[in-house]
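Take a look at the structure below.
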């Protein structure tokens, strides 16, 4: 199991100290981060991605808004859509722009100059991955002018469509490198995902290309058929087994714990499973429920309905299972659970949807079944239970096949940002606005951060959180 030392986080905080200010100041670093070795940049950037983004505020919000998780707190709260510009300051002004984007740009530039092609390739994949997260959450974002060193620069916001072109360009450039042999300083244990293995990173890059191609299946100016073709072509070189899954595994020590574990501790605010998610799994007699969740104090799986009055005894509610990072007293599985960036099951769901678009439900059916099977195998579900479930629920509805497909993908993508992205893109699963909601709608995007609004006013900042992002319109 890979160890993650938080001295890397401390180091990253040092070289990204300007993140506490507006992100435009990040190139004015008194510690001269351009002299930092690539190996000392890569580890904390990867760790920031899984800890602060996927398992941090963005990942948590997505889980609340897709009704996988709930908070045992009085309304309004984040699970009833209370989100303000100040809530996203850290995600934008500390995590994404200085800590991830700027440090990746430094690492890539240094690697290219020094002939260390492994760091350049991995950096480009990680940059594409996080750019997608940022633009998917906010819409238009600054990029082409965001890292200028001129004082007083107020960078324009690039269109989301253009950001997606940058994403695919970075993945293509990474693949070109990954088709060669490592040169210069080899990436090893400082790569927490694949240990510098070029073939694995190549599969990951192609998998991401497919994910982002299909994301644009309903975008203006794009057609579902063309995007499906592109996704299917990319998947020919993507993940082929659960062993390919992109993940970071935590050591489980006091300062190296899975972020979902830290977020579900008894004192973390009452994070429990949502009634919508629990009831779905109960209705389907889904064998994943006792793996993804822990029963409440009464021995039953009871989900909390967001927006209702908090229960004085939150222990009655089901909580996140230890295999995916949940808390259980004296149990050490949760602290050391991995956080996934992409999985083979997701690949199969993408392939099934693209095939559905191109060839219909009959051709997509066996791929859909295999997607369910591979997710269950990865979770450790027994063969008999898998077969029983697939017999009962593994057939695409002939009338609404996409609803069936995304409904299963929603369960497979438990605690993944992809569940939120799929809901915005397809409208599935069907989610109702919670009771006592702060807003009368499920937000379609994050608001722009208050620090950014103050320091760099732009027309896009007035967009309501009810407005879908470009590819979801």
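Given the conditions (1) farther than 25 Å from residue 79 by Cβ; (2) over 22 Å from the mean Cα position of the chain (by Cα), and given that residue 440 satisfies all but one, which numbered condition is not satisfied?
(1)
Which of the residues that make up segment 352-388 are out of contact with any helix residue (DSSP H, G or I) (no Cβ under 7 Å at 6 or more places or on another chain) and assigned to a helix (DSSP H, G or I)?
Within segment 352-388, 359, 362, 365, 366, 383, 384, 385, 387, 388 qualify.
Looking at segment 413-433, is at least one residue touching a strand residue (DSSP E or B) at 6+ places or on another chain (Cβ under 8 Å) and touching a residue at least 40 places away in the same chain (Cβ under 8 Å)? Steps first, answer last, please.
First, the residues of segment 413-433 that are touching a strand residue (DSSP E or B) at 6+ places or on another chain (Cβ under 8 Å): 415-416.
Restricting the remaining residues to those that are touching a residue at least 40 places away in the same chain (Cβ under 8 Å) gives 415-416.
Yes, segment 413-433 contains at least one residue that is touching a strand residue (DSSP E or B) at 6+ places or on another chain (Cβ under 8 Å) and touching a residue at least 40 places away in the same chain (Cβ under 8 Å).
Restricting attention to segment 389-411, which residues are assigned to a loop (DSSP other than H, G, I, E, B) and either under 25 Å from residue 320 (Cβ atoms) or under 27 Å from the mean Cα position of the chain (by Cα) (or both)?
As a first pass, look at segment 389-411 and keep what is assigned to a loop (DSSP other than H, G, I, E, B): 394-400.
Within segment 389-411, 394, 396, 400 meet the criteria.
Looking at segment 36-71 only, could you name the residues that are outside any loop (DSSP other than H, G, I, E, B) and more than 15 Å from the chain's Cα centre (by Cα)?
Residues of segment 36-71 outside any loop (DSSP other than H, G, I, E, B): 39-54, 57-65, 69-71.
Matches in segment 36-71: 39, 40, 41, 42, 43, 44, 69, 70, 71.
Using beta carbons and a limit of 6 Å, which pairs, at least six apart or on different chains, have the first residue in segment 435-461 and on the phi < 0 side of the Ramachandran plot and free of Cβ contacts under 8 Å to residues at least 40 places away in the same chain and the second one surrounded by fewer than 19 Cβ atoms within 10 Å (Cβ to Cβ) and in a helix (DSSP H, G or I)?
Taking only residues 6 or more apart or on different chains, the pairs are 461/453.
Looking at (1) over 18 Å from the mean Cα position of the chain (by Cα); (2) in contact (Cβ under 8 Å) with a residue 40 or more places away in the chain; (3) farther than 19 Å from residue 356 by Cα, find the lone condition where residue 246 falls short.
Every listed condition holds for residue 246 apart from (1).
Quickly run through segment 209-242 and pick out the residues that are over 24 Å from residue 161 (Cβ atoms) and within 19 Å of the chain's Cα centre (by Cα).
Of all residues in segment 209-242, those over 24 Å from residue 161 (Cβ atoms) come to 236-237, 239-242.
Within segment 209-242, 239, 242 meet the criteria.
Inside segment 272-317, can you point out the residues that are buried (at least 17 other Cβ atoms within 10 Å of the Cβ), under 26 Å from the mean Cα position of the chain (by Cα) and part of a helix (DSSP H, G or I)?
Matches in segment 272-317: 275, 276, 277, 278, 280, 281, 289, 291, 292.
Does segment 423-430 contain any residue that is closer than 24 Å to residue 75 by Cα, assigned to a loop (DSSP other than H, G, I, E, B) and either touching a helix residue (DSSP H, G or I) at 6+ places or on another chain (Cβ under 8 Å) or at pLDDT 95 or above (or both)?
Yes.
Would you be able to say whether some residue in segment 421-430 is more than 17 Å from the chain's Cα centre (by Cα), surrounded by fewer than 15 Cβ atoms within 10 Å (Cβ to Cβ) and under 30 Å from residue 309 (Cβ atoms)? Break it down into steps so the answer makes sense when it comes.
Here is the first cut: in segment 421-430, the residues more than 17 Å from the chain's Cα centre (by Cα) are 426-430.
Next cut, surrounded by fewer than 15 Cβ atoms within 10 Å (Cβ to Cβ) only: 427, 430.
Restricting the remaining residues to those that are under 30 Å from residue 309 (Cβ atoms) gives 427, 430.
Yes - at least one qualifying residue is present in segment 421-430.
The values are calculated or read from the model by the stated rules, or taken from the named source; none is laboratory data. Computed from a predicted model, the values in this text were never measured in an experiment. No Cβ is skipped: glycine too gets one built from the backbone with ideal geometry, and neighbour counts run over all protein chains shown.
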